[in-house]
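Written below as structure tokens is the structure these notes are about.
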Amino acid sequence: MEAEAADAPPGGVESALSCFSFNQDCTSLAIGTKAGYKLFSLSSVEQLDQVHGSNEIPDVYIVERLFSSSLVVVVSHTKPRQMNVYHFKKGTEICNYSYSSNILSIRLNRQRLLVCLEESIYIHNIKDMKLLKTLLDIPANPTGLCALSINHSNSYLAYPGSLTSGEIVLYDGNSLKTVCTIAAHEGTLAAITFNASGSKLASASEKGTVIRVFSVPDGQKLYEFRRGMKRYVTISSLVFSMDSQFLCASSNTETVHIFKLEQVTNSRPEETSTWSGYMGKMFMAATNYLPTQVSDMMHQDRAFATARLNFSGQRNICTLSTIQKLPRLLVASSNGHLYIYNLDPQDGGECVLIKTHSLLGSGTTEENKENDLRPSLPQALSGYSEDGGALRGEVIPEHEFATGPVCLDDENEFPPIILCRGNQKGKTKQS
């Protein structure tokens, strides 16, 4: 999940943090600033370890790390149409590509890399950066809203199917074919996200009051949660826990909502033998005679847990992660801080804030110890294939796509990486 920070008054802290994103398995946080970008490890509550930092690329507004590998994708306001892929441990550029308009978002897993423009989506094979498909006939998508399953065995892609309604297009990034369309909401989409296995898809509209979860790939509605009723909000992030038991939503308000995905059951014969079970059954039967909107509201589940932020109106993203064997809620904000809360997985309730970290301090990093915090920007690499892929024999090492964490300390682990420079101005590679 990635966010571009909202505008702030000149000199404010918010203006120093232009974007922030958690990696695919919520073990790392990346931030972009006016000066460059930083990567942090999220293995400890008490200490925030900076893994890497670079001041050689200014005005970064997109930075995405591939799991815990040394691959990082960066886009700068100085060249908003150019995507740069780096091996940050070695300080080398793997490749860069230019597109026909500004890059709005980037999504990646171990199989695919997606580049989303306002009116097109480019699908690359991440191992050699070959362009596999360009989706040109998509509705205008001014925010670059899209989601990619982190499960590379399916690589499902979801993006808005309409500019005026909440229709979602589900696309198979491996077979390069449209799977189905889902009529998720009446209003325009604000957030979409897959769970870790790619078997569920959650969505929210611009109203921000109702969150729905659908099965993948058939698009059937599984859950419906109500975030609130009193006011419309702007959903800034929506994310599943890695075990798919919880769904977290943050917005421009001071409250983060966590919903629990209970096992869906259709029959409860034991309830009829009790007074409460009988009354519950009668109540649910009565909803069949109420207006649809009222009936739907009664069937919607409320938040299992909440967290209170000490701010509102600021851009933020959230995630649910296990740190030091306990479930935590993490919230990164454009004010330059990371907030860590405890989550009670049994009883829910109010999450307790246990630690606040500054994302703008220098910190102690591995690279500080090695005096290698600012690797020089690599020189231009020559040679690229006509289809936008790497030249023969030039591939990203398989180690970078291993299912386990990648060790970044072994200098002999990776062979030299030399790939390509490309220009994707309207090219389409048909499957």
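Structure summary
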read-out	value
Residues with amide H under 5 Å from that of residue 144, placed H, sequence gap 5 or more	none
Pairs from 89/127; 38/260; 207/325; 90/130; 38/90 whose Cα-Cα separation, in the structure shown, is over 25 Å	38/260; 207/325
For residue 323, residues with placed amide H under 5 Å, excluding near neighbours	328
Hz values of 3J(HN,Hα) by residue in region 62-72 - Karplus curve (6.51, -1.76, 1.60), Gly and Pro given as x	9, 9, 10, 9, 7, 6, 9, 7, 9, 8, 9
Residue 236 long-range amide H proximity, modeled H, under 5 Å	250, 251, 252
Stretchable slack from residue 354 to residue 260, in nm (0.36 nm times residue separation minus alpha-carbon distance)	31.7 nm
Volume per residue of the C-alpha convex hull in region 158-252, rounded to whole Å³	89
Point-to-point label distance, residue 322-residue 25, nm (Cα→Cβ direction, 7 Å offset)	1.1
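Computed from the coordinates by the stated procedures, all read-outs in this text should not be read as laboratory data. Bear in mind the structure is a predicted one, so any value in this text is a computation, not a measurement. Here Cβ is always computed from backbone atoms with ideal geometry, including for glycine, and neighbour counts include all displayed protein chains.
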